[in-house]
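See structure below.
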Amino acid sequence: MKPNQITIALDGPSGAGKSTVAGLLAKKLGILHLDTGAMYRAVGLKALRTGLTTDDEEAVRRMLETTKLEVILSEDRQRVLLDGEDVSTAIRTPEASLAASDFSKLPVVRHKLVELQRQMADRQSLILDGRDIGTYVLPQATCKIFLTAEPAERARRRLLDLQASGDHSATLEQVLQDIEYRDRQDAGRALAPLRQAEDAILVDSTDCSVEEVVDRITSYIKGIRHES
Ligand code: DC
């Protein structure tokens with residue numbers, strides 16, 4: 001890692017707005033954004049396509065050995081290539097979300113993706129959004145933020161996102177159920193569960209606009225960089 005390189009860990013539950021906030025912060029700070037959830041989604045998608053279940057960790061390990069996962073970071077939009085195919089849109093379906101949460105419990109999946117994330121953070125300044133960045137992937141991150149919001153508000157935002165992408169089939173109740181299922185599963189797994197790092201600041205976005213959240217986090221980051 002170069003001396004003036006920084007890493008920002010932005011963790012929190014599904015639908016708290018991490019990706020949007022991380023993208024805006026990255027632009028403001030002139031660094032790149034790595035959405036680590038997209039990596040778990042790509043693995044979940046491949047497992048779904050291959051017809052694997054989480055009971056057979058050995059089969060998942062074999063699948064990973066022959067899987068090529070590439071994450072291309074740019075100032076506009078991250079792209080995820082799965083065995084050469086751009087799956088950036090395919091990983092955004094509700095099925096891929098659930099598969100990502102299911103398969104991310106498996107140590108064999110986490111070890112592979114965490115290694116890739118650490119290698120990327122070693123090469124450049126990054127803001128990483130995920131569940132375990134501050135607690136497990138980069139415990140020495142320059143600063144750590146835990147972004148959350150009430151489940152009902154997260155479901156409302158997720159539904160709007162789905163509708164904006166042309167999916168009008170989901171109901172608010174279904175989206176809320178999915179969110180609660182993923183919260184339980186992400187926070188309840190044995191390895192690197194979703195939780196706030198002791199040295200992370202807590203930001204609750206339930207009643208805040210994206211701009212307010214970004215401003216608050218920017219002031220916090222500036223404070224930290226000023227101190228060091
Ligand atoms: O942030 P997201 O909704 O795209 O993440 C999809 C799933 O991936 C999430 O339910 C849990 C898993 N995940 C994880 O276990 N660790 C991360 N750092 C990021 C995501």
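The values are calculated or read from the model by the stated rules, or taken from the named source; none is laboratory data. Everything numeric here is computed off the predicted structure, so don't read it as measured data. Don't worry about glycine lacking a Cβ; one is built from the backbone with ideal geometry, like all the others, and counts go over all protein chains shown. These area figures cover heavy atoms from the full protein model, side chains too; ligands, DNA and RNA do not enter into them. Shrake-Rupley method; radii C 1.70, N 1.55, O 1.52, S 1.80 Å.
Does I201 fit the bill of being in contact (Cβ under 8 Å) with a residue 60 or more places away in the chain and either touching a strand residue (DSSP E or B) at 6+ places or on another chain (Cβ under 7 Å) or open to solvent by less than 40 Å² (accessible area, probe 1.4 Å) (or both)?
When the stated conditions are applied, I201 does not pass them.
Residues I133, I145: which one is touching a residue at least 12 places away in the same chain (Cβ under 8 Å), within 17 Å of S14 (Cβ to Cβ), within 14 Å of the chain's Cα centre (by Cα) and more than 13 Å from the ligand (Cβ to nearest atom)?
I145
Which one of the conditions (1) within 13 Å of the ligand (Cβ to nearest atom); (2) open to solvent by 20 Å² or more (accessible area, probe 1.4 Å) does S97 fail to meet, given that it meets all the rest?
Unmet condition: (2).
So, in the stretch 127-159, of the ones that are more than 17 Å from Y40 (Cβ to Cβ) and either acidic (D, E) or in contact with a His (Cβ under 7 Å, 6 or more places away or on another chain) (or both), which residue ends up surrounded by the fewest Cβ atoms within 10 Å (Cβ to Cβ)?
So, considering only residues that are more than 17 Å from Y40 (Cβ to Cβ) and either acidic (D, E) or in contact with a His (Cβ under 7 Å, 6 or more places away or on another chain) (or both), the one surrounded by the fewest Cβ atoms within 10 Å (Cβ to Cβ) is E150.
Given the options Q185, Q196, name the one that is in a loop (DSSP other than H, G, I, E, B) and crowded, with 16+ Cβ neighbours inside 10 Å.
Going through Q185, Q196 in turn, just one is in a loop (DSSP other than H, G, I, E, B) and crowded, with 16+ Cβ neighbours inside 10 Å: Q196.
Search the stretch 1-57 for residues being near the ligand (Cβ under 9 Å from one of its atoms) and free of Cβ contacts under 8 Å to residues at least 60 places away in the same chain, and hand back the single one that is least open to solvent (accessible area, probe 1.4 Å).
This residue is A38.
For the subset of the stretch 58-94 comprising residues that are within 13 Å of the ligand (Cβ to nearest atom) and under 18 Å from V114 (Cα atoms), which member is surrounded by the most Cβ atoms within 10 Å (Cβ to Cβ)?
V80
List the number of the failed condition for G188; all other conditions in (1) without any contact (Cβ under 8 Å) to a residue 12 or more places away in the chain; (2) touching a strand residue (DSSP E or B) at 6+ places or on another chain (Cβ under 8 Å) hold.
G188 satisfies all of (1) without any contact (Cβ under 8 Å) to a residue 12 or more places away in the chain; (2) touching a strand residue (DSSP E or B) at 6+ places or on another chain (Cβ under 8 Å) except (2).
Determine the pairs where a residue that is outside any helix (DSSP H, G or I), located within the stretch 103-125, has a partner that is of a type in the set (A, V, I, L, M, F, W, C) and more than 8 Å from the ligand (Cβ to nearest atom) with Cβ atoms under 6 Å apart, the partner being 6 or more residues away or on another chain.
From the stretch 103-125, the pairs are L106/V60; S125/I6; S125/I31.
Scanning the stretch 160-182 for residues that are assigned to a loop (DSSP other than H, G, I, E, B) and not aliphatic (A, V, I, L, M), which turns out surrounded by the fewest Cβ atoms within 10 Å (Cβ to Cβ)?
Within the stretch 160-182, the match that is surrounded by the fewest Cβ atoms within 10 Å (Cβ to Cβ) is G166.
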